[in-house]
1. Scanning region 313-361 for residues that are among the hydroxyl-bearing types (Ser, Thr, Tyr) and under 28 Å from the mean Cα position of the chain (by Cα), which turns out farthest from Thr206 (Cα to Cα)?
2. Give the number of residues within region 23-59 that are part of a loop (DSSP other than H, G, I, E, B) and open to solvent by less than 40 Å² (accessible area, probe 1.4 Å).
3. If you check every pair at least six apart or on different chains, which have Cβ atoms under 9 Å apart with a residue in region 107-130 that is over 23 Å from Lys183 (Cα atoms) and open to solvent by less than 40 Å² (accessible area, probe 1.4 Å) first and a residue that is of a type in the set (Val, Ile, Thr) and at pLDDT below 80 second?
4. Which residues, counting only those in region 315-339, are in contact (Cβ under 8 Å) with a residue 40 or more places away in the chain, in contact with a strand residue (DSSP E or B) (Cβ under 6 Å, 6 or more places away or on another chain) and part of a loop (DSSP other than H, G, I, E, B)?
5. Select from region 62-80 the residues that are in contact with a Gly (Cβ under 9 Å, 6 or more places away or on another chain) and aliphatic (A, V, I, L, M) and write down the one among them that is nearest to Ala105 (Cα to Cα).
6. Could you tell me how many of the residues in region 285-314 are crowded, with 21+ Cβ neighbours inside 10 Å, in contact with a Lys or Arg (Cβ under 7 Å, 6 or more places away or on another chain) and touching a residue at least 40 places away in the same chain (Cβ under 8 Å)?
7. Suppose we filter Arg26, Arg4 for residues that are modelled with pLDDT under 90 and within 28 Å of Gln295 (Cα to Cα); which single one remains?
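The values are calculated or read from the model by the stated rules, or taken from the named source; none is laboratory data. Here the structure is a predicted model, which is why all the values come from computation and not from measurement. Note that we place each Cβ from the backbone using ideal geometry, even for glycine, and neighbour counts take in every protein chain shown. Accessible surface is based on the protein model in full, side chains and every heavy atom, while ligands, DNA and RNA are left aside. Shrake-Rupley method; radii C 1.70, N 1.55, O 1.52, S 1.80 Å.
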Amino acid sequence: MLERPGAGERAVLVQLDFGQGAIDERLSELKLLTASAGGSVEAVVFGRRPRPDPALFAGSGKVEEIAEALRAHEADLVIFNHTLSPAQQRNLERLLGHRVVDRTALILDIFALRARSHEGKLQVELAQLSHLATRLVRGWTHLERQKGGIGLRGPGETQLETDRRLLGNRVKLLKGRLAKIEKQRLTRRRARDRRDVLSVSLVGYTNAGKSTLFNALTKAGSYAADQLFATLDTTSRRLFVGSGNVVLSDTVGFIRDLPHALVAAFKATLEETAQADLLLHVVDSASEDRDAQIQAVNAVLAEIGAADVPQILVWNKIDLTHASAAVERDDCDKIKRVFLSARAGEGLELLRAALAEAAQHVISEPGQHPESDNNFSLQQ
């Protein structure tokens, strides 16, 4: 169905520099994505261009270098750390004689591997179909079995037109099912709002430690691992802090250049973040690329309408940087960051105190965000 790397497949990675910067960090991320999809990295091909080649993206000379790497390492596929057009992908596969996977397809595949809930699986399939609709050539007539009949081709339809229509029917079906789930979520959200419970969402770059922090605060036992997109399905737990109640939600991690098909398919889930009273923006403080990661997360938050939701920056993994647990405030006594280690348990009491203050604020002023700006004010 989807051209994807499988368990044990040998991959040649392609990282081109178009002047976007942070090439080493981008390549390191691609290697983690490949490993998360079950592939092994056999070789890396670098290149520098002013702009992508319209036909081959990498240019004919670089494509020959990729072909040599495939032969030398007996690799199975090529993974580009870029988004390829359908024509570029077809041209590359024809010249190389191997499957070519771009960054979008790779991330979609990892999401498919990680989805556990019924809703998560529906969202991933919708994202995959939306991505593949532009690359459709043949191979979708098996969807006829979803309707239980044969002879569904309309008058004068080509095979490609039939496939597109069947794919469109499947997309419509998935959107309908997800709409029903969204109505159920809205009912739960309204009931929670009536109880004046602080809604807090954990957000952050993938592998920043959100699930580890979630487990440390709630003892939920959610799956946490040192891999990209370990958490895909949103999990919520009630947390008692001080005299107030908090509903804490662990959400999917963000990543730079997150495929638009995924953002659209996960819109209902991500809107939970936009409806939160407070965001705990978890940052991997040990990452050299943390500033760019923060920007990437904020860009996705803006895309889903959550840019104005107040944030507390949670500077996680201080056990790797030898920093001390602390709370940092600005000149107006508004909290900027909480320094902690979710894995070691350092600084968790400081974050609990912040949440307790936020919960008390919601009780005293129900229905309002704790603050109108992106930092939450804690009184000393």
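1. Per the stated criteria, the residue is Thr321.
2. 6
3. The qualifying pairs are Phe111/Val252; Arg114/Thr231; Arg114/Val252.
4. Hits for region 315-339 are Lys317, Asp330.
5. Here the answer is Ile79.
6. Total satisfying the criteria: 1.
7. Matching residue, one of Arg26, Arg4: Arg26.
Residue-wise test of (1) under 28 Å from Ala286 (Cβ atoms); (2) touching a Phe, Trp or Tyr at 6+ places or on another chain (Cβ under 9 Å).
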residue: Gly8; (1), (2): no, no
residue: Gln15; (1), (2): yes, yes
residue: Arg26; (1), (2): yes, no
residue: Val41; (1), (2): yes, no
residue: Val45; (1), (2): no, no
residue: Pro54; (1), (2): no, no
residue: Phe57; (1), (2): no, yes
residue: Ala69; (1), (2): no, no
